[in-house]
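Undergrad: Sending over a structure as structure tokens; questions will come in a sec.
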Amino acid sequence: MTDETLTVEIWRGKDTGRFETYQVPHRKSQTILDVVTWIQRNREPALAYRFACRVGMCGSCAMTVNGRPRWTCRTHVSKIVGSGGVRIEPLRNLPRIKDLVTDMTPFFEKWQAARGRFEPSATRSEPMASIPSDDPERRIVDAGIECINCGVCHAACDVVTWNPDYVGPAALNRAWTLANDQRDGDRAGVLKAVSEVGGCHACHTHGSCVEHCPVGLNPTAGIAGLKRMTLSALLKGSLS
Amino acid sequence: MIEARLYLLQRGSAILLAPLVLIHLGLILYAIGDGLSAAEILERTRGNLGWAAFYGLFVLAVAVHAPIGLRNLAREWLAWRGRSVDATTLAFGLVLLALGLRAVWAVIGVGAGDGA
Amino acid sequence: MIRRAQRHLGFFAALGHRLSGLFLALFLPAHFLVLGLALEGDAALEGAIRWSDQPLVKMAEWGLVVLLTLHLSFGLRVLVLEFMPWRDSRKAMIGLGAAASLVVGLLFLFNLG
């Protein structure tokens, strides 16, 4: 295994650029991030890429690997390489900065547009809200709360590609957890925000986010939940 | 808000259309079973208010459902957005409604027999 | 071009749903106009139906019936995914259910054809 070499193609440049090919020693339990780091340290010091924790918690190392968005620190080379090599590109659906680094600004701006931030209903001097962990709403929140903001679902989503207004699965997944959070002070505001142009109703239920989410979340189900919630708010007249 | 309303119309018409399409498909298969003829169709439909209501509702639901789908398609695949695409798809819906109701009238309308 | 990240059941169901809807929408005005011929008398409608007996037109009609079944199946998939409680494992089943109903529709047609 250690004698083998991998043929790795990496995108160099911004919107225009080219794939450079590198020969990298194939090691046991090697991840895609290990490969990129090896190239940066031994072959291409100017290679730009982003990572931090290396253990699948920070969500900063996502890239397109052989056509699919993936978290590279938890993607083993042996899982990717069949008979061919490895081709690594920046994430889709985001502006490129250099090489493998994308500008995440639009991604987080869309979180804000979907009101994907907690609005407190109490101050710090008040007692903590006590919500039992088996509360039905809390269970819904728990199912969606582990998002690491890696942008993989955003890159995988066809509607994000087709519709520049669409806030995307990650932002809507966050909105869904807030719409079910009893501590949030403006849950009606979440429903209004996701009913704007580019909100939850733009989703066409392809399920690419579910297919690709590295932590196994199900944004499609959450977005469907938002559709039901906004529909009932619309019928009750509380959406305007 | 407008998107939520269009979503309601789209899914609402879809829920209505699902059983109507099933019946329509069944009718197609039944009708072509022994060959299709105008006399056979018109004998079944003419003056039948039940079929008039069925297909009138069908046409109405389709005239709501199809333009919203086309609007999504135009916005996403052709990058055609703004008022012009809204107006065009709305006009398409009105044309569907007019032609559809005319068709229902043609095959069911009591006064529209031979030479009428 | 269909990218690798798109090669999964949900994408193909959505693509089939959209394309079948597009063709049905384009066909509807013609369908309504032909039925409207009955206003000019039974003979006019009969003429259009006899015209449709040509093999090529017959095949196109068969295609439309298949498209309608397809659009219905994939539409029901969307309604189930959006309005019914479901879990991850049920997604594939729903896709398969849609495909199965399509196969049933095709078999039905072959039997009658």
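Undergrad: Strands (runs of 3 or more DSSP E) wholly in the stretch A:1-74 with at least 3 residues that are crowded, with 18+ Cβ neighbours inside 10 Å and either touching a strand residue (DSSP E or B) at 6+ places or on another chain (Cβ under 7 Å) or assigned by TED's automatic domain parsing to the domain that holds A:Ile88 (or both) - which ones?
TA: Result: A:5-13, A:62-65, A:68-71.
Undergrad: Return the total of residues in the stretch A:157-179 being of a type in the set (Asp, Glu) and part of a loop (DSSP other than H, G, I, E, B).
TA: Matching residues across the stretch A:157-179 total 1.
Undergrad: So, one more: Select, from C:Ala38, C:Ala99, the only residue that is crowded, with 17+ Cβ neighbours inside 10 Å, more than 11 Å from chain B (Cβ to nearest Cβ) and part of a helix (DSSP H, G or I).
TA: That would be C:Ala99, the only listed residue that is crowded, with 17+ Cβ neighbours inside 10 Å, more than 11 Å from chain B (Cβ to nearest Cβ) and part of a helix (DSSP H, G or I).
Undergrad: Can you pull out every residue in the stretch B:1-19 that is closer than 26 Å to C:Leu102 by Cα and surrounded by fewer than 17 Cβ atoms within 10 Å (Cβ to Cβ)? Working first, answer last.
TA: First, the residues of the stretch B:1-19 that are closer than 26 Å to C:Leu102 by Cα: B:7, B:9-19.
Passing the criteria: B:Leu9, B:Gly12, B:Ile15, B:Ala18, B:Pro19.
Undergrad: Now for a different question. Give just the number: which of (1) within 14 Å of chain A (Cβ to nearest Cβ); (2) surrounded by fewer than 14 Cβ atoms within 10 Å (Cβ to Cβ); (3) in contact with a Ser or Thr (Cβ under 9 Å, 6 or more places away or on another chain); (4) not polar (S, T, N, Q) does C:Gly10 not satisfy?
TA: Against the list (1) within 14 Å of chain A (Cβ to nearest Cβ); (2) surrounded by fewer than 14 Cβ atoms within 10 Å (Cβ to Cβ); (3) in contact with a Ser or Thr (Cβ under 9 Å, 6 or more places away or on another chain); (4) not polar (S, T, N, Q), C:Gly10 comes up short only on (2).
Undergrad: Just the residues that are under 17 Å from A:Ala193 (Cα atoms) and at the interface with another protein chain (Cβ under 7 Å from one of its Cβ atoms), please, taken from the stretch A:208-232.
TA: Once the filter is applied, which keeps residues that are under 17 Å from A:Ala193 (Cα atoms) and at the interface with another protein chain (Cβ under 7 Å from one of its Cβ atoms), the stretch A:208-232 yields A:Ala224, A:Lys227, A:Arg228, A:Thr230, A:Leu231.
Undergrad: Something else about it: Looking at (1) over 20 Å from C:Gly95 (Cβ atoms); (2) β-branched (Val, Ile, Thr); (3) in a helix (DSSP H, G or I), find the lone condition where A:Val210 falls short.
TA: (1)
Undergrad: I need the full set of residues from the stretch B:32-47 which are under 19 Å from the mean Cα position of the chain (by Cα) and more than 7 Å from chain C (Cβ to nearest Cβ), in order please. Steps first, answer last, please.
TA: Keep residues of the stretch B:32-47 that are under 19 Å from the mean Cα position of the chain (by Cα), which gives B:41-42, B:45-46.
B:Ile41, B:Thr45, B:Arg46, listed by residue number.
Undergrad: Select from the stretch A:179-191 the residues that are more than 23 Å from the chain's Cα centre (by Cα) and within 14 Å of chain B (Cβ to nearest Cβ) and list them in ascending order.
TA: A:Ala188, A:Gly189
Undergrad: Follow-up. Select from the stretch B:42-89 the residues that are in contact with a Ser or Thr (Cβ under 6 Å, 6 or more places away or on another chain) and touching a residue at least 40 places away in the same chain (Cβ under 8 Å) and list them in ascending order.
TA: Result: B:Trp51, B:Ala61, B:Val64, B:His65, B:Arg71.
The values are calculated or read from the model by the stated rules, or taken from the named source; none is laboratory data. Just so it is clear, the structure is predicted and the values come from calculations on it, not from any experiment. Please note: Cβ atoms are built from the backbone with ideal geometry, for glycine as well, and neighbour counts cover all protein chains shown.
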